[in-house]
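*Asks:* Attaching a single structure in structure tokens format; questions to follow.
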Amino acid sequence: MPALNRVQLIGYLGKEPESRFTPNGKKVAHFSLGVTQRWKSGGETKEFTEWVNVEAWGKLGEIAQQYLKKGSLVYLEGRLKTDKYEDKGETKYYTKVVALLMQFLDKKPADEPVMTVDEQQAEYEA
């Protein structure tokens, strides 16, 4: 049976990307992306911001670390990944987006490239 796991987001970075290396030497950058929804209700404009945790691996992570900063506007495509961890004997889950393609949308020079990465399962920590 076919399946699809794809996310497209446009939003602003909530903080500077943070990078680290896995025990296997792979680089990964983490950042949060605020995606704001606006609507009118009774003549009043309302808004809600959804915060999404994002991780970018390898070269895409290096590019994110180098060029993105708090407040940067970015378009990204990726896939959802849910991880679990133990906290005081209780199993907790959290969902994040693993970035596969990223484009900077800040008003900068028009020649900035679209950044993509070919996903290979072996590059990601389980």
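*Asks:* Could you give me the ³J(HN,Hα) list for the range 18-35, computed from phi with Karplus coefficients 6.51, -1.76, 1.60 and θ = phi - 60°, whole Hz, x at Gly and Pro?
*Replies:* Using θ = phi - 60°, the values come out as 10, 10, 8, 10, 6, x, 8, x, 7, 8, 9, 10, 10, 7, 10, 10, x, 10 Hz.
*Asks:* Now, a different point. Find the lysine pairs in the range 1-80 meeting two conditions, Cα atoms under 21 Å apart and a separation of 8 or more places or different chains, and report how many there are.
*Replies:* So the count works out to 10.
*Asks:* Full extension from Lys107 to Thr95: what is 0.36 nm times the residue separation minus their Cα-Cα distance, to one decimal in nm?
*Replies:* Length gained, Lys107 through Thr95: 1.3 nm.
*Asks:* Taking 7 Å along the Cα-to-C-beta vector as the label spot, tell me the Gln8-Lys69 distance in nanometres, rounded to one decimal.
*Replies:* Taking the two extended label points, one gets 3.0 nm.
*Asks:* Trypsin sites (Lys or Arg not before Pro) within the range 18-75: which are DSSP loop residues with at most 15 other Cβ atoms inside 10 Å?
*Replies:* Passing both the DSSP loop test and the Cβ count: Lys26, Lys69, Lys70.
*Asks:* How big is the dipole moment of the range 7-119 about its Cα centre under a simple scheme where the beta carbon of each Lys and Arg is +1, that of each Asp and Glu is -1, and everything else is neutral? Debye, nearest 20, please.
*Replies:* 160 debye
*Asks:* Step through the residues of the range 99-105 one at a time and calculate ³J(HN,Hα) from phi using the Karplus curve (6.51 cos²θ - 1.76 cosθ + 1.60, θ = phi - 60°), rounding each to whole Hz and writing x for Gly and Pro.
*Replies:* Computed from phi, the couplings for the range 99-105 are 6, 10, 8, 9, 9, 7, 10 Hz.
Read-outs: derived from the displayed coordinates by stated rules, not from any lab. Note that this is a predicted model, so its numbers are computed, not measured. Don't worry about glycine lacking a Cβ; one is built from the backbone with ideal geometry, like all the others, and counts go over all protein chains shown.
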